[in-house]
Amino acid sequence: MWKMTEAGLTCEATKKVGDEVILDVEVTANRPDWMSILGVAREVAAIQGIKIKELKIKEIPAATANFPIDLIPNFDLFERWSAVVIKDVTIKPSPKWLQERITSMGHSPINNIIDITNYVMYELGIPMHAFDYDEISGQIMTLEKAGGGESFTSVDGESYKLPEGAMIIKDAERIIDLAGIKGGQNSGIKNSTKNVLLHVTIDNPVLVRRASIAMGLRSDASAIYERGPDKGGTVNSLKRAVGLILELAGGEIASKVIDFKKEKFEPKNINLTFDKLKRILGIEIPESEILKILSSLNLYPKKIKDGVVCTVPTYRGDIKIEEDLAEEVARLYGYNKFPTTLPVGQVTEEKIPYFFDDSLILKIKDLLVSCGYSEAKNLSLVSKALVDKFETDPKDYFKLINPVSLEYEYLRVSLIPSLVTNIKLNPLDVLKLFEIDKVYLKTSRGANEKYRVAGISTGKNFRDFKTAIDIILSKLNIENYSIEFEVNKKYLHQSVAGVIKSSSHIIGEFGEISPIVLSAMEISGKVYCFEMDMETLEKLSYTKLFSSIPLNPPQIEDITLVLPPKTRVGEVMKAIKNSESKIKNLELKDIYKDSYTFRVWYQDSSKNLTDADVKSIRDRILTLLKSKFGTSLKD
Amino acid sequence: MQEELINLRNEAIAQISSVENTADLEEIRVAYLGRSGKFTLLVKKITDTPSEKRKEFGITLNESKNTLERLISDKKQEMIKSISEKRDWFDLTMPGSKLDLGHLHPLTKVLKEVKQIFNFLGYQVADGPEIESDYFNFEALNIPKDHPSRDTQMTFYVDTKGTDLKPSETILRTQTSAMQGRVMEKMKPPFRVLAPGRNFRYEQVDASHGFEFWQVEGFVVDKNIHLTDLFGTINYVLKELFGKEIKTRFATTNFPFVEPGVDTYMQCTICKGKGCSFCKNTGWSEIMPAGMIHPNVLKNAGIDAAKWNGFAFAIGLSRIVNLRYQIKDLRTLTTPDMRILSQF
């Protein structure tokens, strides 16, 4: 089993039924031949170094009658169309062996003719179909593309409306076959059928695929056609099926063998040079081994000057170029026999396109973790309900045409709604979550994908929440920012929200989630949130140069001010800092009712400040604050 | 003079022997031997001494100073020793004060490791769009429209109304491999690229499938890249991530953008190869599809496939995280439940 998987024919389970073994294989899109017993047998033989027992396929006997049938080919639809008429068959159940095989392939036996067409498809790998000859009106079959909307009833009695472009076969009056997918009920084999038209076709893979996807009708036949079965093998399949029909259903050949083909479909020659093989694989496989492998795959290698020329059989349509032959050699040599190396080559100094440095993202993640925030990963797709609950406009979102469910239909434009949703998963007193990822902004020119950092906190303490914003901005050395109170985000509380700006850049927003949103989300209590744009943070952040330790020590004192109601302490602090260059640092130590205690560092790099110096600075500031904010010194 | 000197010395010795703490001892040292200590001042008086007694005075003075210094030093050592012996009972089992730290997501942790490993191998990281064109996601990768391999990558289509984007050509990327064409058409080889990111596939959600998942695409284009280099790179990376003991094996597979195609299996870290639900009882976990870049992919990007070749691989990052932490359900990663997050 592993040997098959190693060679590319993934086999994960086997089952013994009587004397036979059923292999459950997974066939890759490039190998239509593996969708048949013959193809799997050939592969196993190549792996094991043995020969397969060739099927003895008899020639079709000469016709004893000449039933007219007129096939009108169209090589854009069928590249090859091989057919024959058989008269006087007896429809009856298949013999036991055939019924068992049909059952073991997961189908129910129907009657001898239909079972034979199915069986030969699995045996040799090309789909085929049997029509009731007497139902083919006018003894004519025309190939067409459906215009769309036509009604069609399949052999199993299901009714369909055909999609545009589906390949159909019409007789003189009606549609009798949905080519490559399902036969029609009108021309199907019935118990009363006497004469049969059997055809093996190579259908246009794209048209089969489109129609079968559009109709949601995926069958083994359509899967084989999409992969492109053996164009050289139709007549052989016809012979095999005819042989079985004559044996199991009786009858006689009643037409000549028709075989319309776009071209000859003969084996192709492809060269493989040993140098190229060595370059691709990195090892030198002995010539004799290469020849042995290629021969075991029926690729008929012939030695030429620098390598071999292979004659690729028509059932190996996947082998088109030298690299394909290299894979054949490598996979049967055994990937796990290869030594391992690391690439030798150049490492370029040039930055690659789309170069991405995530060091700032990682830095901010670490900072947020140290502020007590845990990292969430939410899905990018959100529901219309969430879009609505956050009072955002669905028109601003990219949406999917084919979502898996309405829960996951819109591409988020903010990280906050998902984080707020996460609160419901976590019934905790204090929950702090953050996320750094992309949002997908819709612009007329296309998608603007931007990295954002967002966080939510359910703790009641605003200062405890705000720490994260302060720390991010200060560790990035973004000092000159202001907070404005005009916020155009409806999901934020009208009076508890601000925009963080620095000169012309909008860094982000923060504040409290609107009670209306919270009530729609069925979340109680307060939720604070922030969201900042990573690109803007990156642009504004910089590396601060070292400044030497001032020789003169600072004078440090605490000042308690009484602030009039509705005074913004951030603005007071900004005014203090901006008023005097000798104020080197300022912190808010404590708040008690309307009294705010600040710790102030006075320092002058050129001299030691005396008490008189400090007093004069302090007096100036107090006067300024009094006139600007109406503050007074607490005694 | 001589007598004064000896008295002073005796007085100092008496004080040193009766002192009780190191601070007082230091005070004594300063008082006798400091810059304006009593002995220091006596030195200045040497000129007052009759010349015939000067030598004797000098010797005694030096001896006295040396003695005092030695006594002070000894006393200090003795006191430090007794302090450290006399220490009160102390409970070292007391826990530290609590700091409420948050937790990094396991995807972040593992991706960081993956990037470090590849940086060491000379790869640069690229980041590209998730709302992608059909061209870069499929066609540039040798997957024409209507190719059956698209079945394994069922695609979400984005409604382009109100934008200049082409309808039915605008999708959510199904694979980070979409970055191959983007980088290749903008830069001449050689290059080594790592492109991590989120992908989307139309799939019903279960324990091992999600419609959003994370991959790390890697690709190298250079003059002489071999299949053995790909095997070596994969082995190196998996051993760095999971330890030297892990077992890997390679199988042939088919993706239209590689030839030869490779699938990597790693022994399941959850059951150690015995077989479990995570590895579908095979003992092995499919972890890294890869292969030699198909010449058509290079040609599509305008790279001369006769001169350059390369390999590409895709690491299922979500799967690596699951194997690393033995998480059995993929959905765990996108469930921000603190009972989950706080474990990392």
Cα→Cβ-extended label distance, 7 Å offset, between residue A:262 and residue B:87, nm | 8.9
With +1 on each Lys and Arg Cβ and -1 on each Asp and Glu Cβ, how big is the dipole of segment A:555-633 about its Cα centre, in debye rounded to the nearest 20?
-> 280
Using the Karplus curve 6.51 cos²θ - 1.76 cosθ + 1.60 with θ = phi - 60°, work out ³J(HN,Hα) for each residue of segment A:249-255 in order, rounded to whole Hz, and write x for Gly and Pro.
-> 10, x, x, 9, 6, 10, 7
Starting from the Cα coordinates of segment A:268-335, work out the convex hull volume and express it per residue in Å³.
-> 74
Want the number for residue B:11 to residue B:306: 0.36 nm per residue separation, take away the alpha-carbon distance, what's left?
-> 96.3 nm
Rounded to two decimals, what is Rg over Rh for segment A:2-48 when you use alpha-carbon atoms and the Kirkwood radius?
-> 0.95
Any trypsin sites (Lys or Arg not before Pro) in segment A:284-335 that lie in a DSSP loop and have at most 13 other Cβ atoms within 10 Å would be A:305
Applied in sequence order to segment A:42-51, the curve 6.51 cos²θ - 1.76 cosθ + 1.60 (Karplus, θ = phi - 60°) yields integer Hz couplings, x standing for Gly and Pro, of 4, 5, 4, 4, 5, 5, 7, x, 10, 9
Determine the calculated [θ] at 222 nm for chain A from helices alone, applying -39500 (n - 2.57) to every DSSP H run no shorter than 4 residues and normalising by the residue count; nearest 500 deg cm²/dmol.
-> -9000 deg cm²/dmol
Using 0.36 nm per residue, how much length does the chain from residue A:590 to residue A:463 gain when fully extended, once their Cα-Cα distance is taken away?
-> 44.6 nm
Residue A:345 neighbourhood, Cβ < 10 Å, K/R = +1, D/E = -1, net charge 0
When A:510, B:200 are ranked with the fewest other C-beta atoms within 10 Å first, the list becomes A:510, B:200
For the pair residue A:278 and residue B:145, how long in nm is the line joining their label points, each one 7 Å along Cα→Cβ?
-> 4.5
For segment A:285-370, which GluC sites (Glu not before Pro) are both in a DSSP coil and crowded by at most 15 other Cβ atoms within 10 Å?
-> A:349, A:350
Which GluC sites (Glu not before Pro) from segment A:505-544 combine a DSSP loop assignment with at most 15 other Cβ atoms within 10 Å?
-> A:522
In a Debye calculation with equal point scatterers on the alpha-carbon sites of the protein assembly as shown and no solvent, what is log10 I(q)/I(0) at q = 0.06 Å⁻¹?
-> -0.64
Sum up the charges of everything whose Cβ sits under 10 Å from the Cβ of residue A:462, counting Lys and Arg as +1 and Asp and Glu as -1, but leave residue A:462 out.
-> +2
Go through A:592-599, A:463-470, B:135-142, B:51-58 and give me the packing order, highest mean Cβ count within 10 Å leading.
-> B:135-142, A:463-470, A:592-599, B:51-58
Would you please classify the overall shape of segment B:106-341 from the alpha carbon gyration tensor, given that a ≥ b ≥ c denote the square roots of the eigenvalues, rounded means a/c under 1.5, and beyond that prolate means a/b larger than b/c while oblate covers the rest?
-> oblate
Chain A: relative contact order in percent, alpha carbon pairs under 8 Å with at least 6 residues between | 9
Multiply the residue gap between residue B:80 and residue B:244 by 0.36 nm, knock off their C-alpha separation, and tell me the result in nm, one decimal place.
-> 53.9 nm
Hey, rough spin-label estimate for residue B:54 and residue A:303, points 7 angstrom out along Cα→Cβ, what's it come to in nanometres?
-> 11.3
Work out the FRET efficiency for residue A:252 and residue A:99 from their Cβ-Cβ distance, taking R0 = 22 Å, and round it to the nearest 0.05.
-> 0.30
Take A:40, B:221, A:206 and order them by how many other Cβ atoms sit within 10 Å, fewest up front.
-> A:206, A:40, B:221
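Bear in mind these aren't lab numbers, they're just calculated from the coordinates by the rules spelled out. In this text the structure is predicted, and so the values were computed from the model without any measurement. When we count neighbours, we look across all protein chains shown, and the Cβ atoms used for this are built from the backbone with ideal geometry, even at glycine.
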